[in-house]
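Enquirer: Let me begin by handing over the structure; questions about it come next.
The values are calculated or read from the model by the stated rules, or taken from the named source; none is laboratory data. None of the values given here were measured: they were computed from a predicted structure. Using ideal geometry, Cβ is built from the backbone for each residue, glycine included, and neighbour counts are taken over all protein chains shown. Quick note on the areas: whole protein, heavy atoms, side chains included, nothing else; ligands and nucleic acids left out. Shrake-Rupley method; radii C 1.70, N 1.55, O 1.52, S 1.80 Å.
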Amino acid sequence: MATTEETSVSGTDGQRRARDESQEERADRRWTELMQEIRVAQTGVQIMLGFLLTVVFTPTFRGLGQTDKTIYLTTVVLGSLATGALIAPVAFHRIVSGRHLKPHGVAWASRLIFAGLVLLLATLTSSLFLILRVATHDRYVPWLVAGVVTWYLCCWFVLPYWARFRYSSGDED
């Protein structure tokens, strides 16, 4: 029999209120939330990887120096790893479905999505570096890329962690 847990969530008035749901209901809700989140990241990384895979067949690619080709190959590998990590929760769910492992699946999916986001950040960084390097040959490219990476880090990690520590009491939803 499923036990009922009270999970603390914020109400519309900012006050904490209890959510009355079983462990299974909580896992179902969190799984649905994860799948909604992952759709955004999956689409972006798959489009980027598809674009990256076509670059090798362009005439410009043949004229690149070895350093730029190495950056390109690194970018493709990072994009492939990001794609794998962001698709993995679906495969994980499919393989363990019906085995009453959803709470574990939610935990693993969350870790895989986080890893996928980190790999996506590395892919974006590497591709931006390559594109700006090839397009401008400017010595300021590393500084521009560092600025963009800082922006990504702030948007994707710093702000959410700040909000988490600022506004939560430590209870998980």
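Enquirer: Considering each residue of the range 80-97, count those that are closer than 14 Å to L119 by Cα and touching a Phe, Trp or Tyr at 6+ places or on another chain (Cβ under 9 Å), and give that number.
Expert: Final tally of qualifying residues: 2.
Enquirer: R94: assigned to a helix (DSSP H, G or I), basic (K, R) and either within 16 Å of Q42 (Cα to Cα) or touching a residue at least 40 places away in the same chain (Cβ under 8 Å) (or both), yes or no?
Expert: It is false that R94 is assigned to a helix (DSSP H, G or I), basic (K, R) and either within 16 Å of Q42 (Cα to Cα) or touching a residue at least 40 places away in the same chain (Cβ under 8 Å) (or both).
Enquirer: Considering only residues that are in a helix (DSSP H, G or I) and small (G, A, S), look in the range 57-91 and name the one that is farthest from S126 (Cα to Cα).
Expert: The residue in question is A91.
Enquirer: Still on this structure: Evaluate the following for S110: is it in a loop (DSSP other than H, G, I, E, B), within 20 Å of R26 (Cβ to Cβ) and either of a type in the set (S, T, N, Q) or open to solvent by less than 60 Å² (accessible area, probe 1.4 Å) (or both)?
Expert: no
Condition check ((1) modelled with pLDDT of 85 or more; (2) open to solvent by 70 Å² or more (accessible area, probe 1.4 Å); (3) under 18 Å from V106 (Cα atoms)) across all residues:
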| residue | (1), (2), (3) |
| --- | --- |
| G11 | no, no, no |
| R16 | no, yes, no |
| D20 | no, yes, no |
| R26 | yes, no, yes |
| R29 | yes, no, yes |
| T32 | yes, yes, yes |
| Q36 | yes, yes, yes |
| M48 | yes, no, no |
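Enquirer: May I pose another question? Quick one: what pairs do we get from the range 110-125, first residue more than 19 Å from W151 (Cβ to Cβ), second open to solvent by 50 Å² or more (accessible area, probe 1.4 Å) and not small (G, A, S), C-beta under 7 Å, 6+ apart or different chains?
Expert: I113/E37
Enquirer: Here are some residues: V141, V96. Which one is surrounded by fewer than 17 Cβ atoms within 10 Å (Cβ to Cβ) and either farther than 28 Å from S22 by Cβ or touching a Gly at 6+ places or on another chain (Cβ under 8 Å) (or both)?
Expert: One residue alone meets the criteria, V96.
Enquirer: Looking at (1) within 21 Å of the chain's Cα centre (by Cα); (2) surrounded by 15 or more Cβ atoms within 10 Å (Cβ to Cβ), which is the only condition H104 fails?
Expert: (2)
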